[in-house]
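Reading through the structure tokens given below for one structure.
The values are calculated or read from the model by the stated rules, or taken from the named source; none is laboratory data. All figures in this text were calculated on a predicted structure; none of them were measured in a lab. With ideal geometry, Cβ positions are generated from the backbone for all residues, glycine too; neighbour counts draw on all protein chains shown. Note: areas computed on protein heavy atoms with side chains; ligands, DNA, RNA excluded. Shrake-Rupley method; radii C 1.70, N 1.55, O 1.52, S 1.80 Å.
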Amino acid sequence: MRRMQRPRAQAGRGPGRLEPVAVRIFCRRSRPADQGAPAPLRAGTRESSAAAPVGPVNGYAILETVAALPISTWRYLWEPEGVRHLGPMAQDWHAAFGFNRDDTTIPVVDGLGVALVCIQALHRRVEELTAEVDRLREAVSVNPSEAT
């Protein structure tokens with residue numbers, strides 16, 4: 001755990017005095033710390049020692065799950081009344097996806113992965129709809145008398 005200093009104004013200590021504060025910084029390394037930075041990976045390659053691919057996902061199914069996921073504003077109990085966050089509750093996330101072992105947190109990497117899969121599914125859907133609109137426009141321009 002790294003120790004950081006933060007200014008804190010409290011009675012008897014005076015403004016601007018620094019007080020030690022414990023901050024946890026989580027870093028997962030896929031290589032020993034004494035090795036230098038790895039060479040950049042080419043597009044389409046993965047660092048094999050960092051993650052083990054488990055299997056493909058159905059982007060449309062994930063998108064449907066996200067669409068049904070309850071989203072609300074909320075705050076942590078220790079935060080002031082005026083603070084609000086936006087997103088799903090961890091319990092709903094866990095029930096929908098089951099990625100995490102507990103239902104009290106949503107790992108950032110899972111949230112990002114779900115968001116990216118949804119973006120890809122939406123992109124594919126837009127491409128499909130654009131192609132369909134183009135086909136319909138072509139059909140109407142070829143047979144204008146049938147359109148009216």
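Observations
- Among the residues making up region 51-104, those that are within 30 Å of Glu128 (Cβ to Cβ) and assigned to a loop (DSSP other than H, G, I, E, B) are Pro53, Val54, Gly55, Pro56, Val57, Asn58, Leu69, Pro70, Ile71, Pro88, Gly98, Phe99.
- The set of residues in region 111-135 being in contact (Cβ under 8 Å) with a residue 40 or more places away in the chain and either open to solvent by less than 80 Å² (accessible area, probe 1.4 Å) or closer than 15 Å to Phe97 by Cα (or both) consists of Val114, Val117, Cys118, Ala121.
- Tally of residues being surrounded by 12 or more Cβ atoms within 10 Å (Cβ to Cβ) and more than 22 Å from Glu64 (Cβ to Cβ) across region 97-110: 1
- Test: residue in region 130-144 that is over 17 Å from Asn58 (Cα atoms) and not in a helix (DSSP H, G or I): yes
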